Structure formats: C-alpha cells, structure tokens
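Quick notes on the structure that follows.
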Amino acid sequence: MSDERKFRRKRKGAVSAHLKSTSEASAAPVAEHLPDDKPLSEPDATPTIPERAVPIAERVQPASHDELPSDPLETATIAPEAPVAPPDPLELTPDLQFEEPDDGPTISPPAPVLTPSPPAQSAPSPKPVMDELPQDRTFTEEDRKRQRQAKLKALRDALPEEREAPLTLSDPIEAQPSLAEPKAQPAWADLREIALSAPHLSQHHVVTAERSDPAHSAFDVLRTRLLQALSDNGWSRVAITSPTKDCGKTFTAANLAISLARQENCRTLLMDLDMRRPSLHKVMGVENPGSIGDMLRGVQPADQHLHRLGDNDFHAGHNIAFGFNEVIEPFAAELLQDPRAEQIMTDIQQTYQPDVVLYDLPPALYYDDVIAFRPQFDGVLLVLGGGLSTEKEVREVERRLGDSTPLLGMVLNKAENTDIQRYRY
C-alpha cells in the first residue's frame, strides 16, 4: 500500500473520531471537557483534531476533507460568551449620550450652554437716569449710591425751576385764606360774634391771651398733647372735670380754649355745662349770655345761643365758639341725659363740625352730672388742685367713671414750689 493511501485512511479515521466526539460533547457540559484552569497540552506526533464544544443551536453539517484545517493547533474549543452586564444608567459622562431603557427613569442630558448674542446698541439717552454697568463687574454699594445720585439729579433737572419764597409769619386775625377756610361752612360764619378783652382775661388769670406769663407754655403743651391723643383715636369731645370744687377746672378750660383758638386748622367749641354753678361767662367777660338749658330743651335755637369770637386784641383766631350760661338748673343731671338734649348735641356736631369740643362739667364727686352726660363725650381731662385733691379722691373718680371711660390726662393746678421762670425763653 502506498504512503498516500495510508495517509488518506488515517485522515478519514480522524474525521470520524472528530464527528463522534462532537456528538458526545453536545450532550455533556462544556466545563467537563475543557476546564478553564487546564492548560493546553503539547500535540502528539500523530495529527489529531482536538475536541470542540458546540451548542446544539450551532450544529452544522460535517465538513468535507477540503474544509478541515491543515494545522490541528489552529482549532480551539469554542465556549459560550459570558453575559455582559448593561452599563449603570446613573454613570453619565458629559461626552456620552445614550438612550435609557423603557422601564427606568429618563435622565435628560445636560442642556447645551448658549452664548447670548450681544444686544443691539441704541443711541444714548440725553438724560440717563441710571448708568449701565458692564456684565463682568460686581454690583457694589458704591454703584448703588452712584445710581441713586444720578436718578435724583435727573429728577431735579426735569422739574421746573422755582424761586424760594421768603419765610413769613401769618396772623390768624388777618383776612387771608388759611387752612381752616376751605373747611368753613356758612353755619359757622353766621354765628354772632362777641368781643373779648385781653386785660379782662388777664385779670381772671387767662394767661394764654396776652402770653406775658410764662405759664402759658404749659397750656400750649397741653393743647398739643390733647390734639395728638384725639387724632390718634379719632375723638373730638372732651369732658373737663375735677374731684371736688375750687380745683381750677374752669380756669383750665378757658386757657386751653384760647390756646386752641390760635391753631388755625382746628375749630373749637367750648360749652359751660356746669349748670349748678356757672362761671365761664364771668371769666370771659360776657354779660347776659342766656340759658344753655333752654337750648338743650329746644326752646332756643343753637345758632341764637352760640357765639363766635370776633376781633380781639390778643391775636386769637375766629375759629372758636362759646356756649355760655347764667341760669342755675336744679335738675341738671336729668337735663343732661334727656333724649332731647342728646339730639340737640348731635345736631350741633353735624351742623358746625367742630374739631374739638370742650365741656366744662361740675365736680365728679359732688353730683352725677358727669355720669349722666357720659354718652356725649369721648374722654375725660381731670384737673387736680394742689394741696386739695387726694389720692383717694382720684381713685374714687376713676371708679365712678369706670373702665370704659378713657382718662386722657390729669392736670395739676395750684402746684407749689414751682420755678416757672426758669422756662422763660
């Protein structure tokens, strides 16, 4: 037999052995034929084809003799590839973009940074209000101050030039338009006028008339404090009383009224409701003023009983009116709480619209006039007599008035050891 035929026979046997080993390898696991840690051995002298593990799904028809490899070392066992884990969707890089699976959250890639185009340059305004700052600068407090100054300068340039008028002092008695004139009504102007004398007022200790006594400044302070308290609470009606007699309540009411008369934008009404001991008309120097009780009963109209201050020699304005009384009323408390008197007081308020109404009432501890007249005033100004009023009397007045009656303040009259001359200016 020739060598060529022997070689072909050996080659045919090798192919048959290879096909048999392939069928056996399909039934056995791959790990039994070729462990991962077993190194390849050196080939024998006899040319044999090593085993090859091929899955069932990858079986192919037997190859012909021409398709077999010429070198048995070129043949290697094919093992199934290990599954590759999908990349973590949270591990993103700026340069990598991919689609997330349908069952997971969608993470959008970072938005591209757009470079803003430079704004179109417009013609500069002739009077800029605020200076523009470059975008690459930090906005500091100095820049804010500079912008505010530029804005104020632009506003001043826009206003028309005005010449400053010299400062002048106004006289309340001159026939000039004042703050009270627009509010004046014909009813107030139609009241009859009375003339008061400064010497007579000074003789009866009305120090706010001539203002020669430095004590008048205390009433000016009282006037300002009272106006502020009334304005803060929206009130206008004030009752002036004292615990007992001779404390100076009428003296306080007269001085406070003249001080209010110099307030041009304030209309004041002073009424003498101490009908058990009327004395206000004597202090002011008015004769035969009539009966205020007749006005409260409706017998005499209010415009015939009330009087407005006319021309005077102590420079007080005409924006104050008086309701005097010279007749003693034995049933004053009953008259003060009569519904007719309440209606007349309401009509006076609506007709003349005074800003401040002062009621000179009897002492609070002697009669019940103050309690009877309680619905007609907003607060109480309590006058205490130095050396006369006691702490017990003050507490008793507060108890009778009750917590619902506001106490606007206490005025200490006839005070001793006071050096009022120190405050002369």
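The values are calculated or read from the model by the stated rules, or taken from the named source; none is laboratory data. On a predicted model such as this, the values are computed, not experimentally measured, just so you know. For neighbour counting, all protein chains shown are included, and Cβ atoms are generated from backbone atoms with ideal geometry for every residue, glycine included. We work out accessible area using only protein heavy atoms, side chains counted, and drop any ligands, DNA or RNA first. Shrake-Rupley method; radii C 1.70, N 1.55, O 1.52, S 1.80 Å.
Key figures
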item	result
Å² per residue, accessible surface of the stretch 257-345 at 1.4 Å	39 Å²
With all protein chains modelled, accessible area of LYS151 [1.4 Å, Å²]	100 Å²
Charge context of TRP235, other residues only, Cβ under 11 angstrom, K/R +1, D/E -1	-2
Total formal charge among the other residues, if their Cβ is under 11 angstrom from that of ARG211, Lys/Arg +1 and Asp/Glu -1	-2
Three-way shape call for the stretch 198-305 based on the alpha-carbon gyration tensor, with the a/c threshold at 1.5	oblate
Size of charge dipole - the stretch 320-359 - debye, nearest 20, with Cβ of Lys, Arg +1 and Asp, Glu -1, no other charges	80 debye
Residue order for MET295, MET410 - accessible surface, 1.4 angstrom probe, largest first	MET410, MET295
Shape call, the stretch 227-288: gyration tensor on alpha carbons, a/c limit 1.5	oblate
Among beta bridges that DSSP assigns inside the stretch 191-338, antiparallel share in %, nearest 5	20 percent
Charge dipole (debye, nearest 20) of the stretch 203-247; +1 at Cβ of Lys and Arg, -1 at Cβ of Asp and Glu	140 debye
Contour excess over end-to-end distance, with Cα ends at VAL299 and ALA158 and 0.36 nm allotted per residue	44.4 nm
At R0 = 30 Å, FRET efficiency that the Cβ-Cβ distance of ALA187 and MET410 yields, to 0.05	0.30
